[in-house]
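The structure appears below as structure tokens.
The values are calculated or read from the model by the stated rules, or taken from the named source; none is laboratory data. Note that the structure is a prediction, hence the values are computed from the model and not measured. No Cβ is skipped: glycine too gets one built from the backbone with ideal geometry, and neighbour counts run over all protein chains shown. In case anyone asks, the SASA skips ligands and DNA or RNA and just uses the protein heavy atoms, side chains included. Shrake-Rupley method; radii C 1.70, N 1.55, O 1.52, S 1.80 Å.
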Amino acid sequence: MSATTILNTAPLGALIRYTDHTPKPPARFTRKLAAWERSNGVGRLVKKEPPRVYATWTAPTSFTLHEGNFASDGVILVTIMRSHSAESQLTFEVAEEPKPGQVRVLLDFGGNTELLHMAESIIAAELWIAKEGYSNARLEIVSEDSDGAGGVDRAA
């Protein structure tokens, strides 16, 4: 599946697997393994962005995957996000779509929507918002329809 297909069909919150189809090197080759991991992985789709026009160039359509967090004593120190262009040569596939009943915690800004968190229920989403302090986030319940997008919005 191409990056453009992911942009057009995958819902926010889906787990996306990407690969360059090269074999994984043995763990003893740490530099080669690190380079391989930059082109082969999985992440949660958190943002889709249209092309952006700047004075000297135009950034292509892209999407961002949340690949993980590094934490210490329950405090997130580093969040790993990776953006991919619609022109990427990598192969992408939807590994898992959000399940009906899950709740997306979304933030709208600058004409775009970003997924902040996937919760198992409205109560879990509201608790997450209260803990993290996103007063302007909105909730969207994942429905049973084919694209995984929720039909119910609820302001937090």
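Only Cα pairs under 8 Å and 6+ residues apart enter the sum, and on that basis the relative contact order of segment 46-155 stands at 20 percent. Note on the chain: helix-only mean residue ellipticity at 222 nm, from DSSP H runs of 4+ residues weighted -39500 (n - 2.57) and normalised by residue number, equals -5000 deg cm²/dmol. On a per residue basis, the chain carries 60 Å² of accessible surface, using protein heavy atoms and a 1.4 Å probe. Largest to smallest in accessible area, the residues Leu12, Leu106, Leu127 fall in the order Leu127, Leu12, Leu106 (1.4 Å probe, all protein chains included). Heavy-atom surface analysis with a 1.4 Å probe gives the chain a carbon and sulfur content of 54 percent of its accessible area. When His21, His84 are compared by accessible surface with a 1.4 Å probe, the order from highest to lowest is His21, His84. Eigenvalues of the alpha-carbon gyration tensor of the chain, scaled by 5 and square-rooted, set the equivalent ellipsoid semi-axes at 27, 20, 17 angstrom, largest first.
GNM, the chain, Cα, under 10 Å: largest mean-square fluctuation among Ala34, Ala119, Ala14? Evaluated over the chain, the most mobile residue of the options is Ala34. Between Phe29 and Ser121, the FRET efficiency estimated from the beta carbon spacing at R0 = 41 angstrom works out to 0.40. Computing FRET efficiency as 1/(1 + (r/R0)^6) for Ala95 and Ala71, where r is the C-beta to C-beta distance and R0 is 25 Å, gives about 0.60. Most simply put, the chain has about 100% antiparallel DSSP beta bridges, counting only bridges with both residues inside it.
Any idea what diffusion coefficient segment 49-108 gets from Stokes-Einstein, in µm²/s, Kirkwood Rh on alpha carbon pairs, 25 °C, 0.890 mPa s? Reported coefficient: 166 µm²/s.
Taken one residue at a time, the phi angles of segment 68-84 give Karplus couplings (6.51, -1.76, 1.60, θ = phi - 60°) of x, 10, 10, 10, 9, 6, x, 10, 6, 9, 9, 10, 9, 10, 10, 9, 10 Hz. Gly and Pro are set to x.
Springs between Cα atoms under 10 Å define the GNM used for the chain, and in it the highest mean-square fluctuation of Ser62, Ser135, Ser72 occurs at Ser72.
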